[in-house]
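Worksheet for the structure shown next.
The values are calculated or read from the model by the stated rules, or taken from the named source; none is laboratory data. It should be emphasised that the depicted structure is a prediction, and the values quoted were computed from it without experimental measurement. Positions of Cβ are backbone-derived with ideal geometry, glycine not excepted, and every protein chain shown enters the neighbour counts. Quick note on the areas: whole protein, heavy atoms, side chains included, nothing else; ligands and nucleic acids left out. Shrake-Rupley method; radii C 1.70, N 1.55, O 1.52, S 1.80 Å.
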There are 2 protein chains.
Amino acid sequence: MTDPATYEVDFEPIGKRVLVEEGVSLLAAAQAAGVHLSSTCGGDWGCGQCQVIILEGQVSEPNSNEKFILEAEDLAQNRRLACSTQVLGDVKVHVPKDTLVTGQRLQVEGSLAPLRVDPAVAGIEIETDAPTIQDLRSDLARINAAISKSTGSSVGKCLPSVVSQISAVARQESWRVQAYLRRSELVGISVAGDPALGLAVDLGTTKIAAYLVDLQSGETLSQVGAMNPQISYGEDVISRLKYATRSVENQRLLARIVWEALNELASELVRQTGQHLNQVVDACIVGNTAMLHLLLELPVRQLATAPYVAASDLAFDLHARPLGLMIAPGAYVHILPCIGGFVGADHVAMILATDLDHSQKVRLGLDIGTNTEIALVKPDVPYLSSVACASGPAFEGAHISDGMRAASGAIEAVRLTDQGIKLRTIDDAPPVGLCGSGIVDAVAELRRWSLINTGGRLQKENSRLRQGRQGMELLLASASQSGSGRDVVISQEDINEIQLAKGAIRAGLEALLQATETPPETVEEVIIAGAFGSFLNIDSACDIGFFPEMPNAIFRQVGNAAGLGARMALLSLADRERAQEIATHTRYIELTTYPNFALMFARGMQLPPDDRLKIKY
Amino acid sequence: MTDPATYEVDFEPIGKRVLVEEGVSLLAAAQAAGVHLSSTCGGDWGCGQCQVIILEGQVSEPNSNEKFILEAEDLAQNRRLACSTQVLGDVKVHVPKDTLVTGQRLQVEGSLAPLRVDPAVAGIEIETDAPTIQDLRSDLARINAAISKSTGSSVGKCLPSVVSQISAVARQESWRVQAYLRRSELVGISVAGDPALGLAVDLGTTKIAAYLVDLQSGETLSQVGAMNPQISYGEDVISRLKYATRSVENQRLLARIVWEALNELASELVRQTGQHLNQVVDACIVGNTAMLHLLLELPVRQLATAPYVAASDLAFDLHARPLGLMIAPGAYVHILPCIGGFVGADHVAMILATDLDHSQKVRLGLDIGTNTEIALVKPDVPYLSSVACASGPAFEGAHISDGMRAASGAIEAVRLTDQGIKLRTIDDAPPVGLCGSGIVDAVAELRRWSLINTGGRLQKENSRLRQGRQGMELLLASASQSGSGRDVVISQEDINEIQLAKGAIRAGLEALLQATETPPETVEEVIIAGAFGSFLNIDSACDIGFFPEMPNAIFRQVGNAAGLGARMALLSLADRERAQEIATHTRYIELTTYPNFALMFARGMQLPPDDRLKIKY
């Protein structure tokens, strides 16, 4: 085997150069060169932001993603997506100003300062003697003495299950081991030198994201996702809460299946990285208030009925194993605090990750999901304000005739052209249905092409539309083209569902701005978090009237900020304190009793008039 | 109904008088008068110590217990047992000097200073407002605020299960409740005014004793006992440890059945006292090292094999419910520390209860049981010394042909007379078998009447003995007299079993005295604890050579001192610290490797020669 060839990539006008191996993407080359290209999707072919122009040299041919996102004209002028273009020789690249990260369109993880690392648990290598008839100290006393000798401070306590681990591992390792300490508590031991790891979890209503983090370096070693298995017992929060209130067994079941899912994710994470669960000595979980209540088997009846109060919105530090999370025997789980019944720890984590609490600007932060939380921060106001909107699961593809989750074959982008319809699907697979961003895109295109009016009604007579079973509809892919063998359409009902969903968010935004006396034009930044939010086409969102007119606002899509916040709190005791500060100092505005909210909602469902549409592709 | 008549009892020569109702025992009258009569058994007809002489007045006729313990001659001279004699008119009583408590022959609970009350958990009554749309604080935040307002200090944390209790109880009680606090942790809530209770447990290899204690007054409200259900899986410690090491399931089972037994005892205690389990907000458990290892599912393999080290001998503070003890949702269990692999927390508790660690005399403390622990304390020596003897279950009636536990019909005392055999049985029921004290009594009587020699061998030719199936034997009750319809005998093998058991204890005592350079004549006090110990006839124990000659020693039988120690530690954080001090400052002497221990054991099995026998009744 010969080593792959190495080529130089020259980024202009910055003038940075880097040597990379053949086949590396221009995006990876830019990262290696320290050139920060805008890329919300992180190289997943999702956002189309990493556009560059090839000035000289050999690169790969345009792929399907580039052909979808870029116009033929652009491609002809060597405009390419850095994520989709491989280096095949020495290359000179021009980075347009729009593509360079300037602090305005950022990925959270790139823009934030390095993660603060002051973890709750640290590892220490110790060695001691085996018991003899002259030295009959108990196993625990023996290990504790070795720790005290090494650290100079005494060990206070530990769980019996940690003692069990000591007796087994210490003998197997001839009394030379790694001890993991949480302040004065011994939470586990392992083979000498094994690094201390932590598990961070963003527990969503629909999806669970889990991260394995090195507690010493702060590095994220691996990340995996899974569906929340509670979905089988209710797709939305309220139906799940109702299921739980029906019996103690129901409530126990909902908790148990999530802990089982977390155990599977933790096992997968350590498997991927060649580590083992005994090294996972700390965990941090964020989620919305209802998900955390269900996870901890907290009472939910009062959360599902007016005035909708949480049983607890405080942070918890609990031993993991009695809860059902089978990581290191003495490990704790830190549960981040919530703000209220409908603004959870995931929102706190998002605020933490985006530094929203440390802002000197007027900023809005949105977590778009089945439940959408919005926070507003203003300089010189010592607290944040937040609302929660019941936006429903339409953005996750539910209640949409051909809706689906963001899986292979989901239509994630739609363009109407004079020649017909252009689609982009996940994995470039034959279209099967529409995921959230595709639905928003489709509705926006319908509006731009005046195929629907401001009320969302499809034209009765238009050759681009057809009569479906339940009224007019737009055919996106015919049975012969689709992956399912059935027509993929967007119907009048689907449009109405989207109007309801975006109406809830729009009304929440209006109420929040009004309640805080914040004129829309003073908003300087809008941060959009959440999985859906990061794939959302902002122009399309604006063109269906997601947002009030905020002419001075910059939009920033930050991906799973809650997951980042969970990792920050996992890694830093100071950030845990900050999370509690955020929860304490956020004023929750209840929308159900907000004056004229019903009217705001009705108005919010309207689509913008023609003169407000920004873009026609 | 007329009130019962009231009579005066005059105790001479002390000169104290008291008015009591008709039918009250002289022992109760003495207690009411503040006259402390010696009574190891506490009025249970067990010890025969509370002898008094009726000088004038009308009392009940002698009962079966008095006829058993007292000679006919004594009864003729109006010598009576205060516990068994009821007042039927004005009475003048003489209290012999031997019967008066002089600080030498005491019951522990009478002699000790009042229990120290500085409990870990305290109750506080609080009231707050129900949630409204204007006040959306979570249930926990609301309760915490009320506690902070009342106590002036903030509440830190609590378990999710406590939050569940809050949401239910606070609504039911209209937000006026009793909150139970363990430092800054909320461990439970209940109906306003409900006193905080605690559960103290002495977990023996054979028996479990449980106490319900008022954490504010220190009063023991109720006590109950039960067999340790692990007996089905091994009567002695070693066989039980072996069972546990065979599989994880076995070990889990042994723990689970004990927690279930403790739950039943706790339920019975609260039922008896009209309280409920939510009020049981703290618990304290003592037991030998092996029992605590099995209870907490600590590894036991290393405890069952040389050099027999504990996995942990430190104290534990653990949440009760995750362990399986279903008391108040946030309650903790405090597990007292152990001294070593074979000297457990029960021994620490005994030392605590008898103030052995605060001694200015040379004192021995014995916990006689399946495993017998002995501690020695000397003035000016800054630590205690202890040994553990594998005395076996013979004193609990096991391995004895007609042995049985101390239940109804068990022979607990035996006297040989010229006229035949006198027996005393528990509940005065027809004899069924022999319990520990009866076996010791029987062997002592055989030795006193020279029916066995110093080697323990029964005479071949003696009309009082008969040929049994396996050699000579003494018939105690024939089939026609017995409660079982079978002969009750004591056989040569039974005598050998008792010799083995007492030989182990005797050898342990000798080794302890030798190792600490303590001449037997310098021993000033011998404290005998444990259920068996309190029923043991000390004279009989001496006459079978339980103890070396300790001419200057006073014997003190203190009943279940471990149970008292458990209550002390339950009630007092200072006593928990003291228990840790005791555990830390006790030097364990391993007997298996002690020089010449085998010889000591062989010698210890011998019975005393004729000139050393003290008493022939």
Residues losing 50 Å² or more accessible surface upon assembly, segment B:127-169, compared with the chain by itself, 1.4 Å: B:ILE133, B:LEU136, B:SER138, B:PRO160
Of the DSSP H helices in chain A, those whose Cα atoms cover at least 20 Å axially and whose Kyte score averages -1.0 or more: A:248-273, A:492-515
Teacher prompt: A:GLN459 distances to equivalent labels in other copies, 7 Å Cα→Cβ, nm: 12.8
Segment B:439-557 - Rg over Rh from alpha carbon coordinates, Kirkwood radius: 1.04
Residues whose placed amide H lies under 5 Å from that of A:GLY89, excluding near-sequence neighbours: A:GLN58
Rotation relating B and A, chain A residue nearest the axis via C-beta, angstrom: A:PRO322, 2
Bins of 10 Å from zero: percent of alpha-carbon pairs in segment B:553-602: 20, 26, 34, 18, 2
Carbon + sulfur, % of accessible area of the protein assembly as shown - ligands and nucleic acids excluded, 1.4 Å: 48 percent
Calculated P(r) of segment B:187-332 - Cα pairs past 24 Å, %: 32 percent
Computed [θ] at 222 nm, deg cm²/dmol, the protein assembly as shown (DSSP H ≥ 4; -39,500 (n - 2.57); rounded to nearest 500): -9000 deg cm²/dmol
Heavy-atom accessible area ranking, 1.4 Å probe, most first, across B:MET605, A:MET472: B:MET605, A:MET472
Solvent-accessible surface ranking, highest first, for B:GLU581, A:GLU127 at 1.4 angstrom: A:GLU127, B:GLU581
Proximal lysines to A:LYS97, defined as alpha-carbon separation beneath 27 angstrom and excluding residues fewer than eight positions away on the same chain: A:LYS16, A:LYS67, A:LYS361, A:LYS614, A:LYS616
Residues of chain A: accessible area per residue with a 1.4 Å probe, Å²: 40 Å²
Reciprocal of mean inverse Cα separation for segment A:493-617 (Kirkwood radius, Å): 16.5 Å
Fraction in percent of alpha-carbon pairs per bin - 5 Å, segment B:365-459: 3, 13, 16, 17, 17, 13, 8, 6, 4, 2, 0
Directionally averaged shadow of the protein assembly as shown, computed from the convex hull of its alpha-carbon atoms, nm²: 61.9 nm²
Residue order for B:HIS94, A:HIS358, B:HIS319 - accessible surface, 1.4 angstrom probe, largest first: A:HIS358, B:HIS94, B:HIS319
Largest to smallest principal axis extent of the C-alpha atoms in segment B:439-495, angstrom: 33, 21, 19
Value of D in µm² per second that Stokes-Einstein yields for segment B:514-574, Kirkwood Rh from Cα pairs, at 10 °C (1.306 mPa s): 119 µm²/s
Centroid-to-centroid separation of segment A:389-447 and segment A:489-543 [C-alpha atoms, Å]: 17 Å
Segment B:196-267: translational diffusion in µm²/s, Stokes-Einstein, Kirkwood Rh over Cα pairs, 10 °C, 1.306 mPa s: 121 µm²/s
Per residue Cα convex hull volume in Å³ - calculated over segment A:238-309: 95 Å³
Principal axis dimensions, largest first and in whole angstrom, of segment B:51-90 by Cα: 26, 16, 14
Interface B:A - total buried accessible surface [probe 1.4 Å, Å², rounded to 100]: 2700 Å²
Alpha-carbon centroids, segment B:275-346 and segment B:562-585: separation in whole Å: 14 Å
For A:ALA168, label point 7 Å along C-beta direction: distances to other copies, nm: 3.5
Zero-based 10 Å bins, Cα pair distances in chain A, whole percents: 3, 15, 23, 25, 19, 10, 4, 1, 0, 0
For A:LYS67, inter-copy label distances in nm, listed shortest first [label point 7 Å out on the Cα-Cβ vector]: 11.4
